[in-house]
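Any read-out appearing in this document is the output of simple, stated calculations on the displayed coordinates, not a laboratory observation. What you see is a predicted model; the values in this text were computed from it and never measured. Counting neighbours? That spans all protein chains shown, and the Cβs are built from the backbone with ideal geometry, glycine included.
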Amino acid sequence: MSLTLYYHPLASFCHKVLIALYENNTAFERRIINLAEPADRAELEAIWPLCRFPVVRDHARAVDVPETSIIIEYLDRHYPGAQPLLPTDPDVALDVRLWDRFFDHYVQEPMQSIVLARLNDIQCDQTSERTKLKTAYKMIEKRMEAREWMCGASFSLADCAAAPALFYAATVLPFPEEYDALTTYFDRLMARPSVRRVLEEAKPYFQMYPFYDDIPERFL
Ligand SMILES: N[C@@H](CCC(=O)N[C@@H](CS)C(=O)NCC(=O)O)C(=O)O
């Protein structure tokens, strides 16, 4: 098998790439990395010294590919499937990349900061992170009033980024009740077979998540 994915089934950025792989039925080998294990850490560090995952090793092309957005573009280019995740129209592709960046920087990052503070039992002012999430929710609500997927009628890289970011963000800061478009989009994402499969595989690990009690019953 050509591809090996270094990942952990609970990690939100790993979910983003798993969704892309499942969307296209791409064959890959799994290498679960437990960052608490020094040997696992060393293995990941040898590939990507920043020690962040996921990383894909492509044995056939002899390259290691880090960074989720780059991995998904790489898969789209070299291992295309039935569901292209980057549109061929360059302007639509730019829009997809913009919303992918939006979810990584303005949903994942503040959410992860809040989660890490809870994990490490750090009491700190989280006003800035919560404000970023509130602004992001408001922007998604407005954008999704007239859209099926983030960048139009087709599921894309932006939706791969959105699903795990919103899944975990909702546990640290619930969506405002009046945000129907955001809630409908979230439910649509959660019903997508690739996303369901990722969440099903994460189930055995959910108890390790510091906001476990805030995961809705339907996902447990
Ligand atoms: N920008 C990176 C972010 C990857 C990332 O932050 N992954 C987390 C897991 S969700 C990680 O490796 N955390 C380990 C750490 O921070 O030590 C990407 O898109 O791949």
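Tell me, what does the Kirkwood hydrodynamic radius of the range 155-206 come to in angstroms if you use every pair of distinct C-alpha atoms?
For the range 155-206, inverting the mean 1/r across all distinct Cα pairs yields 11.7 Å.
Mind checking which aspartates and glutamates have their C-alpha under 18 Å from Lys142, skipping anything on the same chain fewer than 8 residues away?
Asp95, Asp100, Asp159, Glu177, Glu178, Asp180, Asp187
Any chance you could list P(r) for the range 35-150, counting all Cα-Cα pairs in 5 angstrom bins from zero, rounded to whole %?
2, 9, 13, 15, 17, 16, 14, 9, 4, 0
Report the relative contact order of the range 52-122, percent, no decimals, based on alpha-carbon pairs under 8 angstrom and at least 6 residues apart.
Reported relative contact order: 15 percent.
If we count other beta carbons within 10 Å of each Cβ, what is the order of Phe206, Phe28, Phe103, fewest first?
Phe206, Phe28, Phe103
Could you check what % of the DSSP bridge pairs in the chain are antiparallel, to the nearest 5?
70 percent
By a straight-distance test (C-alpha under 22 Å), which lysines pair with Lys203 as possible cross-link partners, with residues fewer than eight away in the same chain excluded?
Hits, sequence-local ones excluded: Lys16.
Exposure proxy check: Ser154, Ser12 ranked by fewest other beta carbons within 10 Å?
Ser154, Ser12
Once every Cα of the chain carries one equal point scatterer and solvent is ignored, give the base-10 log of I(q)/I(0) from the Debye formula at q = 0.11 Å⁻¹, two decimals.
So the normalised log intensities are -0.53.
What's the exposure ranking of Glu37, Glu73, going from fewest to most Cβ atoms within 10 Å?
In increasing order of surrounding Cβ atoms, one gets Glu37, Glu73.
When only Cα pairs under 8 Å and 6 or more residues apart are kept, what is the percent relative contact order across the range 90-192?
Across the range 90-192, relative contact order equals 36 percent.
Assigning unit charges at the beta carbon (Lys, Arg +1; Asp, Glu -1) and nothing else, what dipole magnitude in debye, to the nearest 20, does the range 90-192 show about its Cα centre?
100 debye
What shape does the range 93-220 take by its C-alpha gyration tensor, where a ≥ b ≥ c are the square roots of the eigenvalues and a/c under 1.5 counts as rounded, a/b above b/c as prolate, and the rest as oblate?
oblate
Assigning unit charges at the beta carbon (Lys, Arg +1; Asp, Glu -1) and nothing else, what dipole magnitude in debye, to the nearest 20, does the chain show about its Cα centre?
Dipole of the chain, to the nearest 20 debye: 160 debye.
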